Structure formats: C-alpha cells, structure tokens
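Structure, as structure tokens:
The values are calculated or read from the model by the stated rules, or taken from the named source; none is laboratory data. Owing to the predicted nature of the structure, the values given are computational and were not obtained by experimental measurement. Please note: Cβ atoms are built from the backbone with ideal geometry, for glycine as well, and neighbour counts cover all protein chains shown. Protein only, heavy atoms only, side chains kept; ligands, DNA and RNA dropped before computing areas. Shrake-Rupley method; radii C 1.70, N 1.55, O 1.52, S 1.80 Å.
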Amino acid sequence: MTSPLTPSTIHDIGYRHYEGRRLGRSYVIRSLFVHNLRAVYGLGRPARAKVMPFLLVAIMMLPAAGSVAVLAITKEPSTLIRYAAYAVLLQPIVAIFLATQAPVIASRELRFHVVPLYFSRPVGSFDFVLAKFAAFVTAIFALLATPVTLLYVGALVTRPSEETQAPAMPSVGAQTTDYLGGMAGCAVFAFVLAAFALVIAAFTPRRGFGVAAVIAVYLLSSATVGLVQFIALYNNNYDAAGWAGLFTPFNLVDGVQVGLFGASGSTPQGPPDGIGGPVFALVCAAVVAGALAVLYGRFRKAGLS
Amino acid sequence: MPIIATQGLTMRFPGVTALEDLTVAVDSGVVGLVGANGAGKSTLIKILLGLMPPTSGHAAVLDLDIHRQGERIRERVGFMPEYECLPPDVSATEFVVHMARMCGLPPTAARERAADTLRHVGLYEERYRPIGGYSTGMRQRVKLAQALVHDPQLVFLDEPTNGLDPAGRDEMLALIRRIGTEFGISVLVTSHLLGELERVCDHIVIIDGGKLLRSQAVAAFTEVSGTLVVEVDEGRDQLSGKLAGSGLAVRPEGRFLLIEIADESTFDLVRDGVAELGLRLIRMEQHRHHIEEVFAAPAGPTGVTP
C-alpha cells in the first residue's frame with residue numbers, strides 16, 4: 001500500500017503501511033532487557049544520568065587497581081584482596097549504587113505512567129518484570145565482577161615466571177579456583193541485592209525517597225545485625241551471631257560464599273557449620289522469588305489501572 | 001465486519017458500575033466515543049484491549065475475542081492514554097523506537113517507522129531533544145506516535161485533545177481525520193466534547209453513566225430539519241408579525257427567526273415579506289440538527305445501528 005512517489009517532494013510521500021516482520025516474545029524480552037540494562041548505566045539518557053553509575057564503577061575499580069599495584073611491587077600474596085571479600089569490603093559503594101540506580105529500573109516507569117504502554121502491547125507482565133530484574137542483576141554483576149576480574153588478571157600478570165622468586169604465591173590453578181568461586185559469589189550477590197533494592201524502590205515512586213529508602217534499609221539492617229552479632233559474640237553465642245547474618249543482604253550472601261563455595265568469611269561471624277550454608281542459600285532463593293512475586297504484583301497493578 | 005462489537009458488556013467495581021449492559025457495534029472508520037468524565041470511556045478501552053475482564057458480557061475487537069485473544073488484539077491495535085505517560089529524560093525518537101521494538105519490530109524497521117511516524121504527527125528536529133522540555137501539544141503528538149508506530153489496524157485515542165489550545169485542538173483533530181482516511185487506520189477516539197468529534201468522526205457512540213445513549217452515523221445526527229433560519233439586518237419583529245399574518249409558524253430565537261417549512265411556498269412568503277418591508281436579508285438557510293441536541297432532548301437508547 002505504498003502511495004505513488006512524486007520524485008520532487010520526497011517529504012510528502014504519504015503514509016506507508018508496515019509489511020515487514022514482527023518478531024515474537026523472545027525478541028521483545030531481549031529488547032526490554034537491553035533497554036533496562038542501558039538505562040541503569042544512563043545510556044540513551046542525558047549525560048547527567050551517566051555520572052553516578054560510572055563514577056561508582058570507577059570507585060569500585062580503585063581498590064582492586066591499588067591492590068594489584070602493591071602486589072606487583074611487594075610480591076606479597078596477602079596484599080591481593082580476596083575475591084570473595086571484595087563485595088563485602090566495598091559494600092557502602094555497592095549500597096550507593098543500589099540506592100541510586102534501583103529507582104531507574106523499578107520506579108521510573110511507574111512514576112511517569114509508562115507501564116500501561118507496555119501492557120497495551122504484546123508484552124507479558126511477567127516477561128516485563130523478569131527482563132527488568134535480569135537487567136539489574138546483570139548491571140550489579142558487572143559492577144562487582146569487573147574489579148574482581150581485574151584482581152585475578154593482575155595476580156596472573158604480576159606473577160613472576162620463576163617460582164623461586166616468589167615461593168609464597170598461590171599456584172595458577174588455586175588462583176583460578178578462587179576466582180571462579182568469587183564469580184559465583186558475585187552472581188549470588190547480584191541476585192540478592194537486586195531483589196532487595198528493586199522491591200524497596202518499587203514502592204517509593206518518588207526518586208529521592210527511593211534512594212533514601214534503599215540506603216536507610218541497608219544501613220538499619222546492617223547496623224542492627226552488626227550490633228546483635230557483637231553482643232552475641234561478646235557472650236560467646238556463635239550460633240546466634242551466625243544466624244543473625246540472615247537479616248542483612250551482604251552477610252546473607254557472604255554466608256552462602258562461606259557455606260557453599262568454601263570461602264573464608266568476611267563478616268564478623270559466618271553461618272553456623274552444617275545446615276548454615278544450605279539455609280542461607282535457601283533464604284537467598286526465597287528472597288529472589290519473593291521479590292519477583294512482589295514486583296510482578298506491583299507492575300501489574302500499575303499497568304492495568 | 002464490525003471493528004468493535006460488544007454484547008451486554010457490564011463492568012462493576014466495588015460501589016461503582018462503570019459500564020452497564022453495553023451493546024454496540026461499529027464499523028471501520030473514525031468512531032467517536034462521547035461521554036462526560038466518569039461515563040466509562042476509559043474503562044471500555046481497557047476492556048477492549050483485553051486488559052481487564054468485564055464483570056459480564058462479551059466483546060470482540062477486529063473479530064478477536066477479548067477474553068481469549070487479548071494478546072492478538074494488542075498486536076493489532078495502538079493505544080494513546082489520556083494521562084501523561086512519557087519519561088522526561090529520553091528523546092522522542094529514542095522513546096518511540098523503543099515502543100516500536102516492544103511491538104516486535106526489528107531494530108532497523110523500528111528506527112525507520114519511528115522517524116516516519118514522528119514526521120507524520122508533525123515532530124521534526126525537536127524529536128532529538130528530551131521529552132521533558134516539550135509543550136503539551138508536542139507531548140500529545142509523541143503519545144500519538146507511539147500508538148501508531150507499529151502500524152496498527154485500529155487505534156484507541158483517549159481524550160487526545162485534552163489540554164490543547166484551540167489551534168492545537170484543530171491540528172490534532174485534523175490529524176485524527178487523516179489517520180482514519182489517508183492512513184487507513186480505524187480510530188476510536190474519546191472526548192467529552194461532542195462538538196469537536198462531530199467534525200472528524202463517521203460514527204458517534206454516546207455513553208452516559210456506563211449506558212448507551214446513542215450510536216449512529218454522524219450524518220444521521222446532523223440531517224436537515226424542517227426549519228428555516230432567517231436573519232435580517234433590522235426589523236426582525238416586523239417581519240415576524242408579517243409572516244405570522246401570512247399563516248406561518250414563526251418563533252424568534254436570538255437574532256434569528258425560526259420558521260416551520262410547510263411547503264415550497266414558505267420560501268416565497270419569506271422572500272416577499274422581506275421585499276415588501278424593504279429589509280436587508282442576511283441569511284436564509286435550512287436548519288441542521290446539532291449533535292448536542294441529543295443531550296438537550298435525551299432520547300432512549302437506540303441500540304445498535306448496523
């Protein structure tokens with residue numbers, strides 16, 4: 001149904017119908033995922049939206065770079081930050097990233113009433129939530145895994161060719177095993193932190209409130225757990241101190257790293273031996289599933305009203 | 001094939017009945033849905049999009065059942081909501097491309113269609129600037145563009161003239177008329193202003209309190225009545241007295257005289273009367289019904305017109 005072309009007035013060609021392909025569900029989900037991932041890092045948005053995420057990524061890289069530099073000079077393996085400890089050490093920075101960027105994914109399209117435009121198209125409401133969640137998980141994973149990868153690459157590059165020059169350096173095999181464990185840890189961190197931050201942000205439509213709410217919940221939970229653990233440890237109650245870690249996101253995931261991936265703990269008290277690891281892992285799974293259910297309800301309501 | 005057909009559609013919310021036993025069918029073209037605020041227009045659109053199951057009753061859009069084929073309906077229709085629905089920090093191009101991809105258009109096609117559609121709704125260089133800086137008129141155009149970008153067979157436009165100044169309103173109405181004629185896309189457009197829809201629609205559906213008040217072609221609303229409107233420069237009352245004396249039913253209305261047309265001779269009597277009194281005749285025309293008169297003299301629901 002192309003209207004007749006008049007060569008002199010190219011701008012006046014009439015309306016043309018679209019007769020090309022219309023791709024299906026997987027393409028829509030993929031597009032939505034990429035769109036949200038770009039949005040977290042401010043891509044496709046004005047320059048000021050890029051400042052915060054990239055600044056935080058830069059800050060996350062600094063300790064890793066410094067650690068590698070020190071290792072290169074001293075050849076002392078203990079100067080390399082442990083892979084599994086990186087996220088826990090830098091948790092304030094990660095928390096700021098969660099607080100500033102979760103509202104971009106969770107509440108921006110709620111605030112501007114964009115959601116009904118998706119649901120009036122062939123976009124499923126669960127697909128919509130899943131794509132958003134996956135995008136934020138990926139964004140956090142990139143934030144955490146990039147510096148850890150820098151540590152790993154740095155450790156391999158600065159490693160002397162002659163074993164005798166640095167006898168204390170762990171073998172390449174041991175490094176790699178540790179690194180893979182660290183990556184798995186980063187992945188669990190990404191899932192749990194995304195769940196935690198998105199749910200809070202989805203219920204605070206104003207961006208400023210969202211930022212404050214995520215930070216407040218993070219600070220309150222870690223301060224309370226820290227205090228409880230301190231008191232419990234003071235009274236030699238190691239089990240109570242361990243279980244308390246369930247109630248703040250970073251300790252929760254570190255518990256999984258300790259219990260399941262064999263890392264050494266980076267919090268005052270890891271999960272109790274035995275069932276501790278599996279329980280912490282189950283709680284992580286429950287947090288993620290619960291968050292997806294809550295987000296689904298929230299977006300569905302917003303999209304249909 | 002009717003583009004929209006409903007049968008006994010009822011929608012109850014706790015404490016409110018938004019739609020009550022609505023049975024209506026409309027053909028392709030530009031269809032106006034008129035009702036006061038809260039008459040159930042937006043609810044009807046949500047039901048027709050298959051997003052909200054009605055309490056009872058059936059409806060089909062483009063011959064697709066709203067209960068079972070909601071997704072297929074949503075692939076084929078476009079929706080422009082009445083409220084603000086645009087993120088301020090992206091450009092119109094970026095936004096409309098994204099919305100095209102959400103309808104399954106491949107990346108290149110999405111870009112081309114977005115550029116074309118934005119041009120058709122009248123957004124040019126400004127489409128690269130963030131939407132936050134747009135005027136109301138420009139925002140309405142972006143909202144319209146995202147509803148058209150995937151080349152739907154039918155668009156639902158919910159109060160597209162809301163918040164526009166008279167000039168913007170006229171442009172939007174002209175655009176809606178073009179969508180229905182030149183673009184060949186059927187339109188269901190809502191408004192609480194009957195007068196503006198009268199100008200662009202082929203068919204008007206009027207609902208009030210969730211009930212069907214009227215559904216008929218615009219031509220039928222505005223058909224010629226049996227009344228003659230006469231306007232003279234001065235001496236209206238003289239003329240009125242003279243014509244009444246000749247046996248015509250005359251009543252004054254404002255500056256005009258409304259005269260019942262008995263037969264052909266009525267025109268001659270008016271002409272002669274004006275000439276004898278030496279008045280200046282400004283206007284003599286057959287009165288057309290105004291669509292607003294439906295509200296002035298409410299009729300019972302007329303049901304479906306085929």
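Things to note:
- For segment A:23-304, the fraction of 1.4 Å probe accessible surface lying on carbon and sulfur atoms is 71 percent.
- Gyration tensor verdict on segment A:182-227 (Cα atoms; rounded if a/c is under 1.5, prolate if a/b is larger than b/c, oblate otherwise): oblate
- Other residues with beta-carbon under 9 Å from the beta-carbon of B:THR190 carry, at +1 per Lys or Arg and -1 per Asp or Glu, a net charge of -2.
- Measuring nothing but how far apart in sequence close Cα pairs (under 8 Å, 6+ apart) lie, relative to its length, segment B:224-288 scores a relative contact order of 53 percent.
- Chain A packed on chain B takes about 3500 Å² of accessible surface away from a 1.4 Å probe, both sides summed.
- Reduction of at least 50 Å² in accessible surface, 1.4 Å probe, comparing all protein chains with the chain by itself, residues of segment A:280-305: A:LEU304
- Of all accessible heavy-atom area on chain B, the percent that carbon and sulfur account for (1.4 Å): 50 percent
- Across peptide A:103-112, the mean count of Cβ atoms from other chains lying within 10 Å of each residue's own Cβ comes to 2.
- Measuring only protein heavy atoms, the 1.4 Å probe finds A:PHE203 accessible over about 120 Å².
- In chain A, the longest principal axis of the Cα atoms and the axis of helix A:207-234 are about 20 degrees apart.
- Across segment B:142-155, computed HN-Hα scalar couplings (Karplus, 6.51 cos²θ - 1.76 cosθ + 1.60, θ = phi - 60°) run 5, 4, 5, 4, 5, 7, 9, 4, 8, 6, x, 8, 8, 10 Hz from first to last residue, x flagging Gly and Pro.
- Chain B, relative contact order in percent, only Cα pairs under 8 angstrom and at least six apart counted: 20 percent
- The angle between the Cα long axis of helix A:25-40 and the main principal axis of chain A comes to about 60°, on a 0 to 90 degree scale.
- Note on B:71-77: average number of Cβ atoms from other chains within 10 Å of each residue's Cβ is 3.
- Per residue, the protein assembly as shown exposes 44 Å² of accessible surface when a 1.4 Å probe is rolled over the protein heavy atoms with every protein chain present.
- Surrounding net charge for B:ILE176, when Lys and Arg each add one and Asp and Glu each subtract one, Cβ distance under 15 Å: -3
- Relative contact order, percent, chain A [alpha-carbon distance under 8 Å, six or more residues apart]: 22 percent
- Restricting the GluC sites (Glu not before Pro) of segment B:151-214 to loop positions (DSSP other than H, G, I, E, B) with no more than 15 neighbouring Cβ atoms within 10 Å leaves B:GLU182.
- Per-residue [θ]222 nm for chain A (sum of -39500 (n - 2.57) over DSSP H runs n ≥ 4, rounded to 500): -23500 deg cm²/dmol
- Solvent-accessible area of B:LEU269 with every protein chain in place, 1.4 Å probe, in Å² to the nearest 10: 60 Å²
- Here's how it looks for B:SER91: its modeled amide H is under 5 Å from those of B:ILE131, which are all 5 or more places away or on a different chain.
- Base-10 log of normalised Debye intensity for chain A (one unit scatterer per alpha-carbon) at q = 0.10, 0.13, 0.15 Å⁻¹: -0.65, -0.97, -1.19
- The HN-Hα couplings worked out from phi for segment A:236-249 by the Karplus form 6.51 cos²θ - 1.76 cosθ + 1.60 (θ = phi - 60°) are 6, 9, 5, 5, 4, 4, x, 4, 4, x, 4, 9, 9, x Hz, whole numbers, x standing for Gly and Pro.
- Exposure rule at most 12 other beta-carbon atoms within 10 Å, DSSP loop trypsin sites (Lys or Arg not before Pro): chain A longest free segment: A:22-205
- Net charge of Cβ neighbours under 12 Å - reference A:ARG108; Lys, Arg +1; Asp, Glu -1: +3
- Restriction of the trypsin sites (Lys or Arg not before Pro) in segment B:63-122 to DSSP coil positions whose beta-carbon has at most 10 other beta-carbons within 10 angstrom yields B:ARG68.
- Among the residues of B:115-122, the average count of other protein chain beta-carbon atoms within 10 Å of the residue beta-carbon is 1.
- Shape call, chain B: gyration tensor on alpha carbons, a/c limit 1.5: prolate
- Within straight-line reach of B:LYS211, meaning a Cα separation under 19 Å, sit the following lysines at least 8 residues removed in sequence or on another chain: B:LYS41, B:LYS46.
- Karplus-derived 3J(HN,Hα), 6.51/-1.76/1.60, for each residue of segment B:55-71, Hz, glycine and proline x: 4, 7, x, 10, 7, 9, 10, 6, 6, 10, 6, 5, 6, 9, 10, x, 5
- Solvent accessible area, Å² - B:THR17, 1.4 Å probe, full protein context: 50 Å²
- Extension reserve of the B:ARG283-B:ARG129 stretch, reckoned as 0.36 nm per residue once the Cα distance is removed: 50.3 nm
- Residues A:PHE112, B:PHE13, sorted by accessible area with the largest first, give B:PHE13, A:PHE112 [1.4 Å probe; ligands and nucleic acids excluded].
- Segment A:48-155: C-alpha gyration tensor shape, a/c 1.5 cut-off, then a/b vs b/c: prolate
- Long-range amide H partners of B:ILE3 with built H, under 5 Å: B:VAL26, B:ASP27, B:SER28
- For segment A:203-305, the pair-distance distribution built from all alpha carbon pairs, in bins 10 Å wide starting at 0, is 15, 36, 29, 15, 4, 0 percent.
- When the alpha carbon gyration tensor of the protein assembly as shown is reduced to an equivalent ellipsoid, its three semi-axes come out at 69, 25, 20 angstrom, largest first.
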